Amino acid sequence: MDLLLDAEQRRFRDEVRTFLDERLTDELRDGQSRTIGVYPEPDLSLAWQRILLEKGWAAPTWPTKFGGTGWSPLERFIFENECAQAGAPLVYPIGMRLVAPVLMEFGSPEQQQRWLPQILSGEDYWCQGFSEPGAGSDLASLRTRATREGDSYRINGSKMWTTHAHHANRMFALVRTAETERPQQGISFVVIDLHQPGVDIRPIISIGGDHDVNQVFLTDVVIPADNLIGEENHGWTYAKYLLEFERGTGLFSGRLRASLRRAEAALNGPPSAHQQRLIAEVAMELDVFEMFELSVVGTLPNGGAPGPVSSVLKLRASRLKQTVSQLGVALLGADGVRRVPGSTEDVLITDYLNARAATIFGGAAEVQLGIIAKALGEL
């Protein structure tokens, strides 16, 4: 990537490296290296977010008028990659990179003023209420209902696979507000305070043995009508806009490369010729993906949505995540048979198990292929 950088961009990269050397602690690095869920625990991610906030670097994807950095797309790419390579915790993206763009694009000025500063500071911790027990890949079949009652909505239903709901105080959710011929037309986008009567959060333990996701039951939960984002029954449009950010603005290549380094570090002694070949093959795949990601995300203005190509990025990143985790277990060899809690081997095995879901959450691989095919058909 150095071949792409001019003198000013190298100066910026060096500034980022200096900042990481000075402010990124060993405790934060170690915590990220041992992260086995989709996201780090809040004590890690929020601690790092507050350090970035002091520097003015907490929201590199936001427009400057909302507190963003004003960086160019390439500067943001440099920053994200340097953070990943240095082992910095991943800033929890549900509030910062998913609901924030929706608020900026479709929220009222009052809603923006109410929620965006708390997202930036980390005071509000969000979760995503999209999937349901009977509505996963077929999200439009959701049945959680919001009934208008004067100046409020009464919500009944449940949400499934809700990541970090047990830590969150707010949820953005899709709810059904009308029965229509096309189910997508009767869906609305609302914000729910999770610290109120009628909210029951129950843990779901993953195949790796950790608690990352939950089922959330909503029984007669009442929210103010001004917690509706945009127009009633237009939530499907806002959800599609959000999913472009979920799938296409995460800059996965740096984190994937850091995972590859973690897998290599588990080797006892120099790699064999076979292991060297396996590592080289994955490293070359990551090189190709990094250049593709840079060509897409590196051209987006701050706050910009990537469009249907986000499905290509998500699909490829998900499969590479699985490839890297498979390599980690392969490099362990016989050591992968045993699991000692807290050990490097245990982290790699758990990561491998949890990565099976990478081609399901955020939109299953089959859904992404359908979106890609439809986009190609419209060219």
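In segment 297-320, the residue that is modelled with the lowest pLDDT out of those that are more than 18 Å from residue 101 (Cα to Cα) and either surrounded by fewer than 21 Cβ atoms within 10 Å (Cβ to Cβ) or in the same structural domain as residue 80 (by TED's automatic domain parsing) (or both) is 312. For segment 116-138, the set of residues classified as modelled with pLDDT under 95 and farther than 16 Å from residue 215 by Cβ consists of 137, 138, listed by residue number.
Scanning segment 219-243 for residues that are in a strand (DSSP E or B) and either of a type in the set (A, V, I, L, M) or without any contact (Cβ under 8 Å) to a residue 40 or more places away in the chain (or both) yields 221, 222, 223, 228, 229. For segment 102-146, the set of residues classified as among the hydrophobic types (A, V, I, L, M, F, W, C) and either part of a loop (DSSP other than H, G, I, E, B) or within 13 Å of residue 160 (Cβ to Cβ) (or both) consists of 127, 130, 135, 139, 142, listed by residue number.
In segment 147-168, how many residues are surrounded by 17 or more Cβ atoms within 10 Å (Cβ to Cβ), without any contact (Cβ under 8 Å) to a residue 60 or more places away in the chain and assigned to a strand (DSSP E or B)? Residues that pass the stated criteria total 1. Remark: pairs (first residue in segment 312-333, under 17 Å from residue 258 (Cβ atoms); second residue part of a helix (DSSP H, G or I) and among the polar types (S, T, N, Q); Cβ separation under 7 Å; 6+ apart in sequence or on different chains) = 318/359; 322/359; 324/259; 331/275.
Among the residues of segment 193-218, the ones that are in contact with a Leu (Cβ under 7 Å, 6 or more places away or on another chain) and touching a residue at least 60 places away in the same chain (Cβ under 8 Å) come to 2 in all. Would you mind stating whether residue 202 is within 22 Å of residue 102 (Cα to Cα) and touching a strand residue (DSSP E or B) at 6+ places or on another chain (Cβ under 7 Å)? When the stated conditions are applied, residue 202 does not pass them. Scanning segment 21-45 for residues that are assigned to a helix (DSSP H, G or I) and within 22 Å of the chain's Cα centre (by Cα) returns 28, 29, 30, 31, 32, 33, 42, 43, 44, 45. Scanning segment 276-292 turns up no residue that is among the polar types (S, T, N, Q), in contact (Cβ under 8 Å) with a residue 24 or more places away in the chain and exposed (fewer than 13 other Cβ atoms within 10 Å of the Cβ). When residue 266 is tested against (1) under 20 Å from the mean Cα position of the chain (by Cα); (2) surrounded by fewer than 22 Cβ atoms within 10 Å (Cβ to Cβ); (3) of a type in the set (Gly, Ala, Ser), only condition (1) is not met. Could you tell me whether any residue of segment 212-221 is buried (at least 17 other Cβ atoms within 10 Å of the Cβ) and either farther than 27 Å from residue 241 by Cβ or in contact with an Asp or Glu (Cβ under 6 Å, 6 or more places away or on another chain) (or both)? Looking through segment 212-221, none of the residues is buried (at least 17 other Cβ atoms within 10 Å of the Cβ) and either farther than 27 Å from residue 241 by Cβ or in contact with an Asp or Glu (Cβ under 6 Å, 6 or more places away or on another chain) (or both).
With the condition kept exactly as written, say whether any residue in segment 63-83 is of a type in the set (Gly, Ala, Ser), over 24 Å from residue 170 (Cα atoms) and not in a helix (DSSP H, G or I). Yes.
Test residue 97 against the stated conditions and say whether it is in a helix (DSSP H, G or I) and without any contact (Cβ under 8 Å) to a residue 24 or more places away in the chain. Judged against the criteria, residue 97 is not a match.
The values are calculated or read from the model by the stated rules, or taken from the named source; none is laboratory data. Values in this document were obtained by computation on a predicted structure and should not be read as measured data. Every residue, glycine among them, receives a Cβ derived from its backbone with ideal geometry; neighbour counts consider all protein chains shown.
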